Amino acid sequence: MDAPIVRLVRMTFQSDRVDDFLQMFNRVAGYIRSSPGCLSLELLGDEEDERVFTTYSLWTSSRDLEQYRLSPLFEETWRMTKQMFAESPEAVSYRVVRSSDEIDQLAGSPGDT
């Protein structure tokens, strides 16, 4: 069985395109979130640079993530997003080795001895 996959994409936008990106993200986020295998989607903003955002998504498997990346939704969204970049994006994927639930089970209660 495949491990869940976390995908992080760090993007820096042109200053005058930040609002455009946020509006576009608001329009497509629900569709991305409802893609088969997408368990979670969040948009994070850099604390110091308002032009920098990171998408954090959790997928049931690398196959599901790849299917999404081959979809018309991704192709269209990425085509529009690329036009707004000030710098090349950075993307990285991680497999989940220990979920938060597993860590909770391993740790037990703080008062347990």
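With (1) touching a Lys or Arg at 6+ places or on another chain (Cβ under 7 Å); (2) part of a strand (DSSP E or B) as the list, and Arg10 as the residue in question, which single condition is left unmet?
(1)
What number of residues within the stretch 52-79 satisfy the criterion of being in contact with a helix residue (DSSP H, G or I) (Cβ under 6 Å, 6 or more places away or on another chain) and either part of a loop (DSSP other than H, G, I, E, B) or within 17 Å of Met24 (Cα to Cα) (or both)? Full working, then the answer.
We begin by selecting, within the stretch 52-79, every residue in contact with a helix residue (DSSP H, G or I) (Cβ under 6 Å, 6 or more places away or on another chain); these are 59, 68, 73-74, 77.
Among the residues that remain, those that are also either part of a loop (DSSP other than H, G, I, E, B) or within 17 Å of Met24 (Cα to Cα) (or both) are: 73-74, 77.
Residues in the stretch 52-79 being in contact with a helix residue (DSSP H, G or I) (Cβ under 6 Å, 6 or more places away or on another chain) and either part of a loop (DSSP other than H, G, I, E, B) or within 17 Å of Met24 (Cα to Cα) (or both): 3 in total.
List pairs: first in the stretch 4-23 and aromatic (Phe, Trp, Tyr), second in a strand (DSSP E or B) and buried (at least 19 other Cβ atoms within 10 Å of the Cβ), Cβ under 6 Å, 6+ apart or cross-chain?
Cβ pairs passing all conditions: Phe21/Phe13.
Condition first: in a helix (DSSP H, G or I) and in contact (Cβ under 8 Å) with a residue 24 or more places away in the chain. Can you find one or more residues in the stretch 30-37 that meet it?
yes
Please name all residue pairs, on different chains or six or more residues apart, with Cβ atoms under 6 Å, provided the first residue is in the stretch 89-113 and is open to solvent by 80 Å² or more (accessible area, probe 1.4 Å) and the second residue is at pLDDT 90 or above.
Glu90/Arg10; Tyr94/Val6; Arg95/Ile5
Take the stretch 41-85 and flag every residue that is within 15 Å of the chain's Cα centre (by Cα), of a type in the set (A, V, I, L, M, F, W, C) and open to solvent by less than 60 Å² (accessible area, probe 1.4 Å).
Scanning the stretch 41-85 gives Leu41, Leu43, Val52, Phe53, Leu58, Trp59, Leu65, Leu73, Phe74.
The values are calculated or read from the model by the stated rules, or taken from the named source; none is laboratory data. Because the structure is a prediction, the values reported are computed rather than measured. Positions of Cβ are backbone-derived with ideal geometry, glycine not excepted, and every protein chain shown enters the neighbour counts. Accessible surface areas use protein heavy atoms only, side chains included; no ligands, DNA or RNA. Shrake-Rupley method; radii C 1.70, N 1.55, O 1.52, S 1.80 Å.
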